[in-house]
Amino acid sequence: MKLATFEVDTPVGPIERIGAVAEASESDSDAAGEATLVDLTAAYGAALESEGEPAPADLAHAHVPPEMIAFLERGERAIADAREALEYAAETSAERGPAGAKIEYEPVEYDLLAPLPRPNSLRDFMAIEEHVENSMDGEIADVWYELPVYYKGNPDSVVQPGETIQWPDYSRIMDYELEIAAVIGTRGRDIPAEEAEEYIAGYTVFNDFSARDTQGEEMEARLGPAKGKDFANGLGPYLVPADDIDVLEAPMTARVNGEVWSEGTVDEMYHSFADIIEHVSQSETLHPGDVIGSGTVGEGCGLELRQWLEDGDTVALEIEGIGVLEHTVVESE
C-alpha cells in the first residue's frame, strides 16, 4: 500500500485528503502524480454505509482521518482500516461515499503533496560510513562510531513532489542527497532498540537538498547546518507502511536529467533506525509525524562525486517499492 496526501478543488476552495494508490494503478505508480488515488476516508465511509452504519461519515473521519498526522496517531488501527477501505474500492464499483464524497481521483483531478506536508519534526542523520568517509576525506571522528549524530531541519520547508525549487540567492553550489526517511507512528520515550521497529509507521523517499557553500561556511563555526539545509526538503511521493517494504534491501537510485548519478541501499547504515530511535528517545518523546532521515547512501550526492547540479537540472530519486521523487532546481534570479 502506498499512502498519499493530495489536494483537490472544491466549491469552498482546495482541501487536503488522505489517499492510497488504487490497486489497478500499482504497477504504474512509480512516478508521482501518475496514479489513480483512492480517497481512504470516503472509501471507508462507503464501506460502512453499505453495512448499514447510521453515521458512516462521522465514523469514517474518526477511523481514517483525512490528514496524515491525525491518521498516524491512530497507529496500526488506521493502517488496517486504510487497507479495508482500499480493498472495498477495488472490489466494488462504488463511485461515491457518504454525502456524495468522491472515492477515486484520476491524476488530472488532484495535486500530489508530500505525504507529510508539514512533519511534526525533521531530524536527519549521518548514519552511512561511506558517505561520511567520502565527505570528510577519510577523517571520521571516533564519536561518530559511538553515537548517531544528526541535525534538526525545518519542517516548514517541505516541498511537494514535482515542485520547482528556486535555489536561495546566498548559495551557488547546488546539491542533492539520496536518502530514505522513517516516519514515526507511535508516541514513545526511552525506547529500547529491540522495540524500536514497532514505532515506525512507514518509509518515504527523502531528498536533503544542500547549499554546499553555505553549509561549509556554517560548519566551520562548529554548529549547524542551518541555512545550508533549511530552504527545501523533499519527501514523497508516497509513504509506504513498514510491513510493505524490506527497507534494507530496497534499491535506491538518483538520476539527474535521466542519467544515473548514484545507487545504493540503506543496508550500509552503521547506525540502524532502531539504534537511532533508541538514541533520540532518551529522555525525549517521539511523536507521530516525526521524520527521521537515514543520511546519504555512499556516493549518494554531488559532494562525493565532485559534480554539482546546474540551473534547470531535474533530479529524480527512486526507491523501489516507494516511487520516484522528482524536482527541478533553478538558480535564484
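The values are calculated or read from the model by the stated rules, or taken from the named source; none is laboratory data. Note that this is a predicted model, so its numbers are computed, not measured. Backbone-built Cβ (ideal geometry, glycine too); neighbour counts: all protein chains shown. Surface areas here come from the heavy atoms of the whole protein model, side chains and all, with no ligands, DNA or RNA. Shrake-Rupley method; radii C 1.70, N 1.55, O 1.52, S 1.80 Å.
Looking only at the range 283-312, residues that are open to solvent by less than 20 Å² (accessible area, probe 1.4 Å) and either charged (D, E, K, R) or in a loop (DSSP other than H, G, I, E, B) (or both) come to 9 in all.
Summed over the range 224-282, the residues that are touching a residue at least 60 places away in the same chain (Cβ under 8 Å), of a type outside the set (V, I, T) and part of a strand (DSSP E or B) give a count of 14. Select from the range 195-214 the residues that are part of a helix (DSSP H, G or I) and touching a strand residue (DSSP E or B) at 6+ places or on another chain (Cβ under 9 Å) and write down the one among them that is surrounded by the fewest Cβ atoms within 10 Å (Cβ to Cβ). If we take residues in the range 195-214 being part of a helix (DSSP H, G or I) and touching a strand residue (DSSP E or B) at 6+ places or on another chain (Cβ under 9 Å), then E195 is surrounded by the fewest Cβ atoms within 10 Å (Cβ to Cβ). In the range 56-106, of all residues being aromatic (F, W, Y) and open to solvent by 20 Å² or more (accessible area, probe 1.4 Å), the one that is nearest to the chain's Cα centre (by Cα) corresponds to Y105. Every listed requirement among (1) open to solvent by 10 Å² or more (accessible area, probe 1.4 Å); (2) at pLDDT 95 or above; (3) of a type in the set (A, V, I, L, M, F, W, C) is met by V256 save one, (1). When E139, E146, E133, E129 are checked against the criterion of being under 25 Å from G236 (Cα atoms) and either open to solvent by less than 80 Å² (accessible area, probe 1.4 Å) or not hydrophobic (A, V, I, L, M, F, W, C) (or both), a single residue qualifies: E129. In the range 81-105, which residue that is small (G, A, S), part of a loop (DSSP other than H, G, I, E, B) and touching a residue at least 40 places away in the same chain (Cβ under 8 Å) is farthest from E16 (Cα to Cα)? Restricting to residues being small (G, A, S), part of a loop (DSSP other than H, G, I, E, B) and touching a residue at least 40 places away in the same chain (Cβ under 8 Å), the top hit is A94.
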